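Read the structure below first, then the notes.
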Amino acid sequence: MRKKLSLLLCVLLCGTLTACQAATPAETAAPAQPTPTAEPTQPAVEDRPAVLYIGTKAGGFREYPLEHEGELAPEALIQGIGDLTGWDLTLAEPVTDGKGGMSVCLADSSALFQGPPEPQKDEFHMYSAEQLAETILDSIQKTLQSYYVIAPGDPDNLDIWYYREGEKPLELPELGLSWPLEEPYQWASAQRG
């Protein structure tokens, strides 16, 4: 009996040593993969419902579902805000994404620079250029953050940068507001002057 047990342990030890020697350095350094569990998981981006957020960080947002099939590009979400509100949200360039955020370049012909359409939709009536600008920028930011950050992540961790055509800083001269290229957008961080 002892002989059989010793032989079995020897075989197991040899098998373990052989497996360790066969592993490449990349395999031994790789983190262990989590095993699947029966708990529900967050749906993939393309399966998630899209919600448009209209409003401001300071005043709050109203939610509007956006019907879609498949994954939505950032441009489609921004166009959805424009279609819903009646604001021209034409982009000068496609939205780019990179480490930790997205960059948005609204065209000079957009409502951000030209003002709201006439007549305005009653539900989305803006009473000043400043109210319109803050609502456009905050709505795009909140919508992109909420769609592309999957729980349990914090949507505020997805930075949004705005810039003007020619990779110039976002400036609203009629309001005396600007945002530097190096910093992600926050309405409250606008430079005045």
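The values are calculated or read from the model by the stated rules, or taken from the named source; none is laboratory data. Just so we're clear, the structure is a prediction, and the values are computed from it rather than from any experiment. Positions of Cβ are backbone-derived with ideal geometry, glycine not excepted, and every protein chain shown enters the neighbour counts. These area figures cover heavy atoms from the full protein model, side chains too; ligands, DNA and RNA do not enter into them. Shrake-Rupley method; radii C 1.70, N 1.55, O 1.52, S 1.80 Å.
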Write out the GluC sites (Glu not before Pro) in the range 80-189 meeting two conditions: DSSP loop, and at most 12 other Cβ atoms within 10 Å of their Cβ. 165, 167, 174, 182
Report the gain in length on full extension from residue 75 to residue 120: 0.36 nm times residue separation, minus Cα-Cα distance, nm rounded to one decimal. 13.9 nm
Round to a whole number: what % of the accessible area of the range 84-189 belongs to carbon and sulfur, probe 1.4 Å? 50
Using only the alpha carbons of the range 101-193, determine the length spanned along each of the three principal axes and report them from longest to shortest in whole angstroms. 41, 31, 22
Could you derive backbone 3J(HN,Hα) for the range 177-193 from the dihedral phi with the Karplus parameters 6.51, -1.76 and 1.60 (θ = phi - 60°), listing whole Hz in sequence and x where the residue is Gly or Pro? 10, 8, 10, x, 5, 6, 10, x, 5, 8, 3, 5, 8, 4, 8, 9, x
Identify the chymotrypsin sites (Phe, Trp or Tyr not before Pro) of the range 69-176 meeting these criteria: DSSP loop state and at most 13 other C-beta atoms within 10 Å of the C-beta. 127
Need one number: nm distance between label points at residue 181 and residue 90, each 7 Å from Cα along Cα→Cβ, rounded to one decimal. 2.4
Could you provide, to the nearest whole Å², the per residue accessible area of the range 52-174 with probe 1.4 Å? 51
